[in-house]
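Participant: Below: one structure in structure tokens.
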Amino acid sequence: MAANRGILLRLKEQLEFMQKSLEILKMRRDQLVSEMSKLLDEIKKRKNIEKQLMDVYSKVEDAYSVLGYSGMVSAATSVDNLRVEVNTISVMGVVLTEFSIEQKPKLTNIPNAVAYDAATRLTSAIEELFKISKVETWIEAVSQELMTTNRKVNALEKALIPSLISSIAYVEGKLEEEELEEFFRAKRIRNILRRTKS
Amino acid sequence: MKTLLKPPQLVYLTTRVHGLSRHLIKPDDMKLIRDSRDLNEAIEKIPKSEYGEIIELTTFDAAILERIFLERMVERFYFIVNATSRDVQKFFKAYSSRFEMENVKRILRAIHRGKLLEEENLIPLMKEFTLVNFSALMAAKDLKEVVGLLRETDYGHLTDDFKLYEKFGTTSILEASLDKHYYERLLEIAQKIPNKTLVNDIIGFEIDLKNLMTILSLKMRGLEQEQIQNRIVERFHKVLEFRIEALMEALPEDFAHTLKSSYYAKFAEEMQTTLGSGSWKEGERIFSAKLHDEASEIAARNPYTLGYVLYYLIRCENEAKDLIAVVVSKQIKQL
């Protein structure tokens, strides 16, 4: 590696930039960890949702057994479709997908009470499912981002910054050596000149 | 002197129906079918003398089995229609048109939401007993076209109710109108047949119970009195009109209290307790059982009357419903 003041300056600038980046990445990592712990709290609701889904399943089963398959198909045609909006939002630079129910299905036309009961429970379970699936997708994206950030922090902390520091030390040593050499050379020339004059 | 002899056609019909009743699955056998471990075992226990089509099946699918049970039920209804003549035949034809009406309702619902309905989602009817072209109805692009196609049939009254549908934007209005006309026509024809009091009684019970179920279920959905009013059949048998009005005004939790000391007090109490625990399926069972019990009581007291024939048809319908419930739930449990 060539050792001169310009390179030393550039290396020092790089080091400063990397240290700042490391600081920012560490802050980002902490933020992601706190976001993740919030999401993990949310995911605890999954058990309740699973229970709710089992209840819905038994109600749907009831409706099927009362109305039969053809009756259920007919009851289902009396309900309009659920409309879902899918958006992408950015949380700390992480692109996340957000689902929201744009229009709930109108259930008033369902002719049978058993099917209506199952449909209302199913609709509210689907809403909860959307919420939990959003949290799960977010956890996946945030954990992916956390892993990447961690790798970057480790790379900076354990490899790039130490190697840059050693490069700077090397260049500094080299420059010091050159300075010393220059100093001695100048000193010798001065002595030779003095001796020639005298 | 009043003769005790019955018209020969009535004797013939009731005697045949007594014979036909023996083909129905007995409660103990139905319990055995219900208690089967899986679908295959349940099917093994279904009498093949009545449901012979099952033998031809290589794999068992509840949807196909449901169709077989419905076909058999419809055949049993039409057998009675064919075994009768004149006004009695007209009455049983009108009574059997409940399946045709159910198909019309299914088509109305699907077309209203712009959804596709296939022929196998309709109750299988014999062509000679229906004037409705279901394929044309299913292919209609909107409800106006459906109502137009029905203009020359027994459902021509839907043209008058179409404005109400447009106002409220729900097919429930048309469905309620179909029910009203169905029962009105049935009761009108019933005036011309023998044993009309017994027949009126059974149909009256059915209307009463249907109205009570409609009010209770719509109340629980939080619908207003005006909307409920449009959906009930304005014929009252054992429950007086003022009670129906009170029920429509009352809160769902006051259902049993409002019917206290009425003919349906016990039924209302049972329904409220069941629905309080959130089981509409059990509610439906209580409804069917109550209608069956009322008809059974009438039939037991009058075994050689049209009341008995009507009771037989109720049993046919219940058998089909029970078998469908068993095979569908057994299949779902296997999934």
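Since every read-out is calculated from the coordinates, none of them should be taken as a lab result. Keep in mind it's a predicted model, so treat the numbers as computed, not measured. Glycine gets a Cβ as well: all are built from the backbone with ideal geometry, and neighbour counts include every protein chain shown.
Participant: Too long at a 20 Å Cα-Cα cut-off: which of B:K192/B:K238; A:K47/A:K131; B:K26/B:K48; A:K104/B:K141?
Facilitator: As for pairs spanning more than 20 Å Cα to Cα, those are B:K192/B:K238; A:K104/B:K141.
Participant: Under 8 Å for C-alpha pairs, at least 6 residues apart: give me the relative contact order for region B:218-288, rounded to a whole percent.
Facilitator: 23
Participant: Sticking with this structure for a sec: In bins 10 Å wide, starting from 0, what share of all Cα pairs of chain A does each bin hold, as a percent?
Facilitator: Binned Cα distances yield the sequence 8, 19, 17, 13, 11, 9, 8, 6, 4, 3, 2, 1, 0.
Participant: Sticking with this structure for a sec: Take the cross-link list A:K59/B:K210; B:K93/B:K210; B:K6/B:K31; B:K90/B:K127 and give me the ones stretching past 27 Å between alpha-carbons.
Facilitator: Table pairs above 27 Å Cα-Cα are B:K6/B:K31.
Participant: A further question follows. How many angstrom separate the Cα center of region B:64-85 from the Cα center of region A:27-96?
Facilitator: When both Cα centres are located, 43 Å separates them.
Participant: Loop only per DSSP, at most 11 neighbouring Cβ atoms within 10 Å: give me the trypsin sites (Lys or Arg not before Pro) in region A:21-124, ordered by residue number.
Facilitator: Qualifying residues, ordered by number: A:K44.
Participant: In debye to the nearest 20, how big a dipole does region B:98-191 give about its Cα centre with +1 on each Lys and Arg Cβ and -1 on each Asp and Glu Cβ?
Facilitator: The calculation lands at about 320 debye.
Participant: Taking a spot 7 Å from the Cα of A:N48 along the direction of its beta carbon, which residues of region A:100-130 have an amide N less than 18 Å from it?
Facilitator: Only A:121-130 pass the distance filter.
Participant: Report the residue, chosen from A:F183, A:F130, A:F17, that carries the largest GNM mean-square fluctuation when chain A is represented by alpha-carbon nodes joined by springs under 10 Å.
Facilitator: For chain A, modelled as a Gaussian network with Cα springs under 10 Å, the answer is A:F183.
Participant: Can you list which of the GluC sites (Glu not before Pro) found in region B:129-167 are DSSP loop residues with at most 10 other C-beta atoms within 10 Å?
Facilitator: Sparse-neighbourhood loop GluC sites (Glu not before Pro): B:E152.
Participant: Let me ask something else about it. Estimate the FRET efficiency between B:R34 and A:Q144 by the formula 1/(1 + (r/R0)^6), using the beta-carbon distance for r and 51 Å for R0, to the nearest 0.05.
Facilitator: Working from the Cβ atoms, E equals 0.50.
Participant: Give the lysines whose C-alpha is closer than 20 Å to that of A:K187, dropping any in the same chain fewer than 8 places away, or say none.
Facilitator: The qualifying lysines are A:K174, A:K197.
Participant: Quick one: which residues, 5 or more positions from A:E98 or on another chain, have an amide H under 5 Å from its amide H? H modelled 1.01 Å from N in the peptide plane, none for Pro or chain starts.
Facilitator: A:N87, A:T88, A:I89
Participant: While we're here: For region B:193-302, what mean projected area does the convex hull of the alpha carbons give, in nm²?
Facilitator: Average of the hull's projected areas for region B:193-302 equals 7.0 nm².
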